2 protein chains.
Amino acid sequence: MGTARVNHDLNDHLNTTMNPLDPDEFRRQGHLIVDFLADYYQNVEKYPVRSQVEPGYLRKCLPKIAPYEPEPIETILQDVQKDIIPGLTHWQSPNFFAHFQCNASIAGFVGEMLSTGFNVVGFNWISSPAATELESIVMDWLGKLLNLPTSFLFSGGGGGVLQGTTCEAMLCTLTAARDQMLNKIGRENMGKLVVYESDQTHFSLQKAAKIAGINPSNIRSLMTTKSTAFGLSPDSLRSAIQSDIKSGLIPLFFCATIGTTSSNAVDPLGPLCDVAKDYNIWVHIDAAYAGSAFICSEFHYFLHGIDGANSFSLNAHKWFLTTLDCCCLWLKDPSALIKALSTDPEILKNEASDSNQVVDYKDWQIALSRRFRAMKIWFVLRSYGVSNLRKFIRGHVKMAKHFEGLIAMDKRFEVVVPRNFAMVCFRVSPLMVANANQKLLGEEDANEFNSKLLESINAAGRVYMTHAVVGGVYVIRLAVGATLTDYCHVNKAWKEIQEHAHTMQS
Amino acid sequence: MGTARVNHDLNDHLNTTMNPLDPDEFRRQGHLIVDFLADYYQNVEKYPVRSQVEPGYLRKCLPKIAPYEPEPIETILQDVQKDIIPGLTHWQSPNFFAHFQCNASIAGFVGEMLSTGFNVVGFNWISSPAATELESIVMDWLGKLLNLPTSFLFSGGGGGVLQGTTCEAMLCTLTAARDQMLNKIGRENMGKLVVYESDQTHFSLQKAAKIAGINPSNIRSLMTTKSTAFGLSPDSLRSAIQSDIKSGLIPLFFCATIGTTSSNAVDPLGPLCDVAKDYNIWVHIDAAYAGSAFICSEFHYFLHGIDGANSFSLNAHKWFLTTLDCCCLWLKDPSALIKALSTDPEILKNEASDSNQVVDYKDWQIALSRRFRAMKIWFVLRSYGVSNLRKFIRGHVKMAKHFEGLIAMDKRFEVVVPRNFAMVCFRVSPLMVANANQKLLGEEDANEFNSKLLESINAAGRVYMTHAVVGGVYVIRLAVGATLTDYCHVNKAWKEIQEHAHTMQS
């Protein structure tokens, strides 16, 4: 190939392609979107919180194939406003009290923008040393703030990693525990491994166990009751373990929860870890929602006994302002994780990894590729400072307490389980339902009434809450945690609840 | 609790907390970061491509604990410039020719901004109908563009889903295949399941298989040779399967690759799928890198035989401008995936899901929570249009061809394997190395010479490439694919390579 041909190719390219990272156009479109989103936050209360579209609505609005010619950003943004926003359930609305929140913030957003803008793939140290090192540093910062034992921090021989979600953290720790055990007892015993949880544990654990090849009939979902506020009794755990051992099975893994999804129940870590220790079981603590509260010392008593656990995780995207997704996982013995998940292909060989002086986070998670999530945590911690972050958490807890106070003043309603954090589980009490139905009826009718009440509130679109069933009781969950929520929104939600209940009762 | 107390709480909150989503401050900081990133792209060529920091550099720059008081965004951004940027390996540099690229674009970036800004958690349809519906629509759009068989599209009874990475896609499809098989033959046969790959398959498959509980000694990594350009021979697959069946094992899953990481080899899909069909094995096609090229018809012949596969995935964050992370997975029979991964907890019960009229993507992936990734694909397809996206891919392929032409003009160098897409595997030829060493030596010396040459080039920081070893031969990989790369950068890389080789040889 001669020089002439080379030059021809050159001109051909320059004349016909666009530059998808042209700095001026980047600036123009970036500013447009920042303003679009600022306007969105300003107007978010105007939209129904839960989307009101019908299944299949969007297929009717969009063409059947991708466009051949480029379209201007202005046109696309008009379509976002016209076709996408009506189909959103507005998680950033201050009137969103459903599930647990996924709270956004300016710091989390700009951290994500930088991470997306640099767009590095931090699978090993050399692929972007800053991504790895900042992650190790902020995981130690945050671990200290949460009052985790030093043994969970890099500075104490353990270590932390950022993953996408708790499901991943559960799958990774379970795989580490599984392989550690199978290396001792032989792979042929895979079918004998048993995983323990309570009937309040998040369903992610069962899913993770299934993916990891644990026999579904070896997952023990131990019953909890109202008498222990739906925390798991250490005696239940011990007798389940003993019974399995008698049957020739092998206890492997136990997941304790601080702040369950249904009712914010807290398992008693100390006594449970003591039981687990007797049988050499891996203990993972799932504090997906409530974990962020441990930056406030008044919640530290829930962590009592954590020294006996092997791993601990929380979702910073729930209540720590980082935006989705950002799950923080700490382990006492990262080497168990690394042994289970490490790979050492020729194509990634490099001096730094060979020297064993660096962390290669690809060996701490399922995937090879990984985003620069540490940026978001770093921005949140620095932009707000520990002082404001504590105020933020305490503000939500106080609002939930305030809501409890409102319920206490209306005898039609009752709080069903004690409040531990910023979520209140309540219902219209069976007695009131019986009165409304003009006959004395039981729990089932109360459940049906409350279910209809919730649907009536959510369909109106001014407030969004979700439900749970604990101990057979249908409860409405009011979770306070959206970034923009203030007392006025809690008061408005309460008024809305009262009005819908009134309409249904009359 | 009386009204007075309620009001007290109210004032208490308003007086002491910040608003982390204040629209005016959002606007101010958002604009700052857009400008910061636009400047970064303008200056990205000034930084060494591969970071030159030493392990542990960042711990020396940052405090040991998180700050108690908030810090202004301007201070944090100064630290990004001073402490973070030197620790980045600049994946968006036009001189980044390493690994496969992770290409950013304005459309991908603004799509990610909107997704992060709305910050919805689209686990099921009702949690944000637009997130689910847009995903199904763009997966059909993209599948059609790639010329996938209709059976992989929603419109043809199959369907597509967006996950984070290929590792996840492999783990999910493998789990689906595993559970489908175990439901037929019984869980006690778990230890007999066998997974097939070639010795060129990405190491993610071995990792996924380990996580899914496949016995590591049941992973067959079948040898490929230069004679088939490192594509897997169907005869090898058949004899491996037959040998396993003779030993009482159960063939389960085969992963074919289009565009391997080491050398862009392509497995012959048609004949391989025919073999797999004879034994009822799940075939997954990993086109992580090369898949995006199928929007151009000149590459469609590589897809011949895909009808026989069960699933197909590509990483849109590699060569389709979406930014990390965005893996597209299509399946002929999503119900196998859903059966393996579905969960139906009380807390997520809702009318739309109960009606079976909607897709609940939580049952198509490992995690519950999921980001609104479809926004990025939608923005990329619309902002550039199919016409420009084809030019973008073809531009890179032409540049790689141009680089091949440059190599052909210098007899010291040789292209080691045929180029299929936009990556060239080359080296200084053994004859030249022998001359430089003033003695006739073999492949080992050539490998060592080329390894030192690559390190010398990368250490200089003006260009970044990585290596592979194929068939015992150490090759330097020049992968063209960064968004900002143009002919001048390829020419500069070539000059750099020649100069370093010259210095080492003299």
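The values are calculated or read from the model by the stated rules, or taken from the named source; none is laboratory data. All values reported here derive from a predicted model rather than from experimental measurement. Every residue, glycine among them, receives a Cβ derived from its backbone with ideal geometry; neighbour counts consider all protein chains shown. Ligands, DNA and RNA are excluded from the accessible area calculation, which covers all protein heavy atoms including side chains. Shrake-Rupley method; radii C 1.70, N 1.55, O 1.52, S 1.80 Å.
Report the antiparallel proportion of the DSSP beta bridges in the protein assembly as shown as a percent, rounded to a multiple of 5.
Restricted to the protein assembly as shown, the bridges split so that about 60 percent are antiparallel.
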Worksheet item: Using a 1.4 Å probe, how large is the accessible area of B:Phe254, given in Å² and rounded to the nearest 10?
Response: 0 Å²
Item to complete: Between copies, how far apart are the B:Ala460 label points? List them in nm, one decimal, shortest first, with each point 7 Å from Cα toward Cβ, please?
Response: 7.2
Practice prompt. At a Cα cut-off below 14 Å, give the aspartates and glutamates reachable from A:Lys226, other chains included and same-chain residues fewer than 8 away excluded.
Written response: A:Asp199, A:Asp267
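Classify the range A:382-505 from the C-alpha gyration tensor, please: rounded if a/c falls under 1.5, else prolate or oblate depending on whether a/b exceeds b/c. Don't skip to the answer; put the middle values down first.
Working: a/c = 2.46, a/b = 2.06, b/c = 1.19.
It is prolate, given that a/c is not under 1.5 and a/b is the larger ratio.
Share of chain A's accessible area from carbon and sulfur, percent, 1.4 Å? Please report the intermediate quantities before stating the final value.
Details: 8480 of 16560 Å².
The nonpolar share, carbon plus sulfur, comes to 51 percent.
Rounded, prolate or oblate for the range A:39-91? Axes are the square roots of the Cα gyration tensor eigenvalues, ordered a ≥ b ≥ c, and the cut-off for rounded is a/c under 1.5.
Numbers: a/c = 3.96, a/b = 1.44, b/c = 2.75.
It is oblate, given that a/c is not under 1.5 and a/b is not larger than b/c.
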Response to the item:
Per the helix-only model, chain B has a calculated mean residue ellipticity at 222 nm (DSSP H runs of ≥4, -39500 (n - 2.57) each, divided over all residues, rounded to the nearest 500) of -14000 deg cm²/dmol
Worksheet item: Counting only other chains, what is the mean number of Cβ atoms within 10 angstrom of the Cβ of each residue in peptide A:180-189?
Response: 1
Worksheet item: Can you run phi through the Karplus equation (6.51, -1.76, 1.60; θ = phi - 60°) for the range A:203-215 and list ³J(HN,Hα) in whole Hz, with x for Gly and Pro?
Response: 5, 4, 5, 4, 5, 4, 5, 4, 4, 6, x, 6, 4
Worksheet item: For B:Asn491 and B:Ile245 in the same chain, what is the full-extension length gain: residue separation times 0.36 nm, less their Cα-Cα distance, in nm?
Response: 83.3 nm
Worksheet item: From the phi of every residue in the range B:389-402, what ³J(HN,Hα) in whole Hz does the Karplus formula 6.51 cos²θ - 1.76 cosθ + 1.60 yield, where θ is phi - 60° and glycine or proline is x?
Response: 5, 5, 4, 4, 4, 5, x, 5, 4, 5, 5, 5, 5, 4
Worksheet, complete the sentence: Everything considered on the Cα gyration tensor (a ≥ b ≥ c; rounded for a/c under 1.5, else prolate if a/b is larger than b/c, else oblate), the range A:165-260 must be described as oblate
Fill in: Backbone N within the range A:376-416 under 15 Å of label point (7 Å from A:Lys226 Cα along the Cβ vector)
A:413-416
Fill in: Size of the B/A contact, given as accessible area buried on both chains, probe 1.4 Å, in Å²
15700 Å²
Item to complete: Would you mind computing, in nm to one decimal, how far apart the modelled labels at B:Lys60 and B:Ser155 are, each placed 7 Å from Cα along Cα→Cβ?
Response: 5.9 nm
Practice prompt. For the range A:115-138 and the range B:219-251, compute the distance between their C-alpha centroids and round to whole Å.
Written response: 38 Å
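Which of A:Lys82/A:Lys207; A:Lys144/A:Lys184; A:Lys339/B:Lys495; A:Lys144/A:Lys210; A:Lys46/B:Lys376 have a Cα-Cα distance over 31 Å?
Pairs exceeding 31 Å: A:Lys82/A:Lys207; A:Lys144/A:Lys184; A:Lys339/B:Lys495; A:Lys144/A:Lys210.
How would you rank B:241-248, A:312-319, A:277-284, B:99-106, highest first, on the average number of other Cβ atoms within 10 Å across their residues?
Taking the mean over residues of other Cβ atoms within 10 Å, the ranking is A:312-319, B:99-106, A:277-284, B:241-248.
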Worksheet, complete the sentence: With the full set of protein chains present, the residues of the range B:325-349 whose 1.4 Å probe accessible area falls by 40 Å² or more relative to the chain alone are B:Thr343, B:Glu346, B:Ile347
Fill in: 20 Å Cα-Cα reach of B:Lys492 towards aspartates and glutamates, excluding residues that sit fewer than 8 places from it in its own chain
A:Asp9, A:Asp12, B:Glu45, B:Glu404, B:Asp410, B:Glu414, B:Glu455
Worksheet item: From the phi of every residue in the range A:291-306, what ³J(HN,Hα) in whole Hz does the Karplus formula 6.51 cos²θ - 1.76 cosθ + 1.60 yield, where θ is phi - 60° and glycine or proline is x?
Response: x, 4, 5, 6, 6, 9, 5, 5, 9, 4, 4, 5, 7, 4, x, 4
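Taking only protein heavy atoms into account and a 1.4 Å probe, give the accessible area per residue of the protein assembly as shown in Å².
On the way: 33100 Å² over 1012 residues.
Normalised by residue count, the accessible surface of the protein assembly as shown is 33 Å².
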Worksheet item: Each label point is 7 Å from the Cα along the Cα-to-Cβ direction; what then is the distance between the points at B:Asp354 and B:Ala460, in nm?
Response: 6.9 nm
Worksheet item: Mind checking which lysines have their C-alpha under 17 Å from A:Lys391, skipping anything on the same chain fewer than 8 residues away?
Response: A:Lys318, A:Lys401
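Among bridges DSSP assigns within chain A, what percent are antiparallel (round to 5)? Don't skip to the end; give the middle numbers.
Values: 23 of 40 bridges.
Percentage antiparallel, nearest 5: 60.
Counting only other chains, and only Cβ atoms inside 10 Å, what mean value do you get across the residues of B:392-402? Kindly include the intermediate steps, with their values, before the conclusion.
Details: counts 5, 0, 4, 7, 2, 0, 5, 3, 0, 3, 7.
Counting other chains' Cβ atoms within 10 Å and averaging over B:392-402 gives 3.
Compute the Rg/Rh shape ratio of the range A:234-338: radius of gyration over Kirkwood radius, all on alpha-carbon atoms. Please list the in-between numbers first.
Numbers: Rg = 14.8 Å, Rh = 14.7 Å.
Rg/Rh for the range A:234-338 comes to 1.01.
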Fill in: Residue-span extension gain [B:Asp274 to B:Gln42] - 0.36 nm each, minus C-alpha spacing
78.4 nm
Worksheet item: Averaged over A:368-381, how many beta carbons belonging to a partner chain fall within 10 Å of each residue's beta carbon?
Response: 4
Fill in: Model label zone, A:Lys401; criterion: amide N under 19 Å from point 7 Å along Cα-to-beta-carbon; scope the range A:291-319
A:291-303
Practice prompt. May I ask for the distance between the Cα centers of the range A:57-76 and the range B:53-75, given as a whole number of Å?
Written response: 44 Å
